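Following: one structure in structure tokens, then a few remarks.
The values are calculated or read from the model by the stated rules, or taken from the named source; none is laboratory data. Treat the numbers as computed from the prediction; the structure is a model and nothing was measured. When we count neighbours, we look across all protein chains shown, and the Cβ atoms used for this are built from the backbone with ideal geometry, even at glycine. The accessibility values were calculated without ligands, DNA or RNA, using every heavy atom of the protein model including side chains. Shrake-Rupley method; radii C 1.70, N 1.55, O 1.52, S 1.80 Å.
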Amino acid sequence: MNTFNKLVGLTLILGLLHACGSKPNPEMEEAYQKAASIFAADESFYPILDEELYYFTTQTLDSITPLYINEQDAVKKVMKLETWLAFTTRDFTPKERQNLIDRKYMPRAIPIAYDGLAIIVNNANPDSCITITDFARILKGEVSSWKDIYPQSKLGEIDVVFDNPLSSTVRWCVDSILGGKQFSAKNIGAVQTSAAVIDYVENHENALGIIGSNWLNDKRDTTNVTFKKNISVMGVSKMKTAEKYNSWKPYQFYLYNGNYPLRRTIYALLNDPRPNGVATSFTHFIQLPKGQKIILRSGLLPRSANMNVRDVIVKKQ
């Protein structure tokens, strides 16, 4: 059979399969399109995903609307089939994955990038380094005053603030720092957004904020070595005592080489049943070199990209 005859045969077979298949269900199609029109994401990923979405829609002319909420609700929307895509800092749980498989879906957790969990303080705070151990003691409620860690401090009680009670930031700290135990200290609270955390820390000298590092980069600096000027980012140390020489900030290179200890993986939780759906296309775009370059330029660490490491000197005025 020549190539032409093969194509004719394939066309006839596909035509027969279509004719024997069931008629399209308008209600199912409407439900699919409604879920395909949005993606859900933890609010802490707004800066990077908003930029990815801009270039994706410009290049493909496809339309998908972001819904920036907390991580728990984003995953719930995938499980309820209200969206086919969510961005989180965790994989599907075995129970969630099996639930979707039992409903004849093929859930995929696709790593797209790494970010750092940043610890920020007010510019009036003279203490610039902290150990992982002391950070854990604060979250466990074992210490509540700055002088318990820094004896010379005059800042009083440590006022800990997260972005949202149900965010990826809170869940990551509970799972990775506290071993699954919930916060119980009275000096630990949450606002609603990452921007609100930065604003709170900027206006409270005794505050300690925890946010995703992609909220920190000064867009005027194309080298991604300058953080926002209105707050200070603490260096984090794995050693018993935190000093400047053994403490690291969430710069890309320190995420890359493992020096920064609070590194998280960002996942695209994809459950799109159509291989050419918008949710699948957007996820694929982020994985492509252009999408990974956007991540690199944002100050995060891309999952896969060609990177050049350069020494830079940061001069403080």
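Some notes on this structure:
- Residue in segment 80-92 that is over 21 Å from Arg303 (Cα atoms), open to solvent by 10 Å² or more (accessible area, probe 1.4 Å), at pLDDT below 95 and not aromatic (Phe, Trp, Tyr) present: no
- A single member of Lys249, Lys228, Lys186 is surrounded by 15 or more Cβ atoms within 10 Å (Cβ to Cβ), modelled with pLDDT under 90 and of a type in the set (D, E, K, R), and it is Lys228.
- Test: Trp172 is within 30 Å of Arg108 (Cβ to Cβ), modelled with pLDDT under 90 and of a type in the set (A, V, I, L, M, F, W, C): no
- Unmet requirement for Ile130, which otherwise passes all of (1) in a helix (DSSP H, G or I); (2) more than 26 Å from Tyr68 (Cα to Cα): (1)
- Qualifying residue in segment 60-68 (condition: surrounded by 16 or more Cβ atoms within 10 Å (Cβ to Cβ), closer than 20 Å to Trp215 by Cα, in contact (Cβ under 8 Å) with a residue 60 or more places away in the chain and out of contact with any Asp or Glu (no Cβ under 8 Å at 6 or more places or on another chain)): no
- Of the helices (runs of 4 or more DSSP H) that lie entirely inside segment 1-75, those containing 2 or more residues that are of a type in the set (Gly, Ala, Ser) and either within 19 Å of Ile266 (Cα to Cα) or at pLDDT 90 or above (or both) span 26-36.
- Condition met for Ala109 (in contact with a strand residue (DSSP E or B) (Cβ under 7 Å, 6 or more places away or on another chain), open to solvent by 10 Å² or more (accessible area, probe 1.4 Å) and of a type outside the set (D, E, K, R)): yes
- Neighbours by Cβ (under 8 Å, 6+ apart or cross-chain): first from segment 176-204, more than 16 Å from Leu166 (Cα to Cα); second part of a helix (DSSP H, G or I) and among the basic types (Lys, Arg): Ala185/Lys140
- Selected residue (criterion: farthest from Thr88 (Cα to Cα)) from residues of segment 149-176 that are touching a helix residue (DSSP H, G or I) at 6+ places or on another chain (Cβ under 8 Å), open to solvent by 20 Å² or more (accessible area, probe 1.4 Å) and not small (Gly, Ala, Ser): Lys154
- Subset of segment 112-137 [within 21 Å of Gln252 (Cβ to Cβ) and aromatic (Phe, Trp, Tyr)]: Tyr114
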